[in-house]
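For reference, the structure discussed in these notes is given below.
Readers should treat all values here as calculations from the given coordinates under stated rules, not as data from a laboratory. Predicted model only: the values in this text are computed from it and were never measured. Ideal geometry is used to build each Cβ from the backbone, glycine not excepted, and the neighbour counts take in all protein chains shown.
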Amino acid sequence: MALLEVLNIEKHFGATRVLEDISFSMEKGQAVSIIGSSGSGKTTLLRCLNFLERPNGGQIKVGGEVLFDAAAGKQFSDAEIRQKRLHFGLVFQSFNLFPQYTALQNVCLAPRLAAKEKGTLRQEEVEIRERGQMLLEQMGLSDRMGNYPHQLSGGQCQRVAIARALAMQPDILCFDEPTSALDPELTGEVLKVIRSLAEAHTTMIIVTHEMAFARDVADYLIFMDGGRIVEAGDPHAVIDNPQEERTKQFLARYSAG
């Protein structure tokens, strides 16, 4: 059974259709890359999966459980939305760290709030801190736990953001162009972390403009244009030998190396 099933997702803002008939599925441990030009709907798709936007049509399932069904017309409470978001972790383009908190505090914040809401913070406090420290060590930031975001490089901030997304132990980790806000020399350190997560079979959806990375790291690749999936399949096949004319035009602007 697929871990994630996305069925016929539609999203429009007024008369502007941003997503049309988006369907795909992925297994536990898979990495899926999504490529496409700006405005093709990639970020909106991630926002729909993370319940930051409500689709106008379609269905989202995780582990066989229906999280969203537009046909049902159900309105969710804030508490229900927070619960649904726990299935997904989202790493933003621009880090979105809280400037008033240290790296460790940023990583531990969401688990602490969740435990506080359940009334279990006192029991879980030590475990939450230890997991935060372990994740920052995994990101190569063991000597930066007490630093504030303004004391970190862009690459270090993005690695803190990855640790923060992992802290809630989501089923699926989502990246929204995680290197787009970084200088080229800092891009490599973030891609190295994502590559290591892929090698550890972390289930991921990676929206990226790094074509060679998408080809070499992902198990499945989706090319979007105009809010639709134009072509999808094995990353090497799609990037090295695209079948659709629009895919060929898009990839002609890149060199996958």
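Just the residues that are in a helix (DSSP H, G or I), out of contact with any helix residue (DSSP H, G or I) (no Cβ under 9 Å at 6 or more places or on another chain) and farther than 20 Å from THR44 by Cβ, please, taken from the stretch 200-257. Step through it out loud before you land on a result.
So in the stretch 200-257, the residues in a helix (DSSP H, G or I) come out as 211-217, 235-240, 245-251.
From the residues that got through so far, the ones that are out of contact with any helix residue (DSSP H, G or I) (no Cβ under 9 Å at 6 or more places or on another chain) too are 237, 245-246, 248-250.
ALA237, GLU245, LYS248, GLN249, listed by residue number.
Restricting the search to the stretch 154-176, which residues are of a type in the set (D, E, K, R), closer than 21 Å to VAL32 by Cβ and either surrounded by 21 or more Cβ atoms within 10 Å (Cβ to Cβ) or more than 12 Å from the chain's Cα centre (by Cα) (or both)? Answer for the stretch 154-176, where residues must be of a type in the set (D, E, K, R), closer than 21 Å to VAL32 by Cβ and either surrounded by 21 or more Cβ atoms within 10 Å (Cβ to Cβ) or more than 12 Å from the chain's Cα centre (by Cα) (or both): just ASP176.
The set of residues in the stretch 219-233 being farther than 14 Å from ALA31 by Cα and either in contact with a Lys or Arg (Cβ under 7 Å, 6 or more places away or on another chain) or free of Cβ contacts under 8 Å to residues at least 40 places away in the same chain (or both) consists of MET224, ASP225, GLY227, VAL230, GLU231.
Please state which of the following conditions PRO242 fails to meet, knowing it meets all the rest: (1) over 18 Å from the mean Cα position of the chain (by Cα); (2) buried (at least 20 other Cβ atoms within 10 Å of the Cβ). Here PRO242 clears every test but (2).
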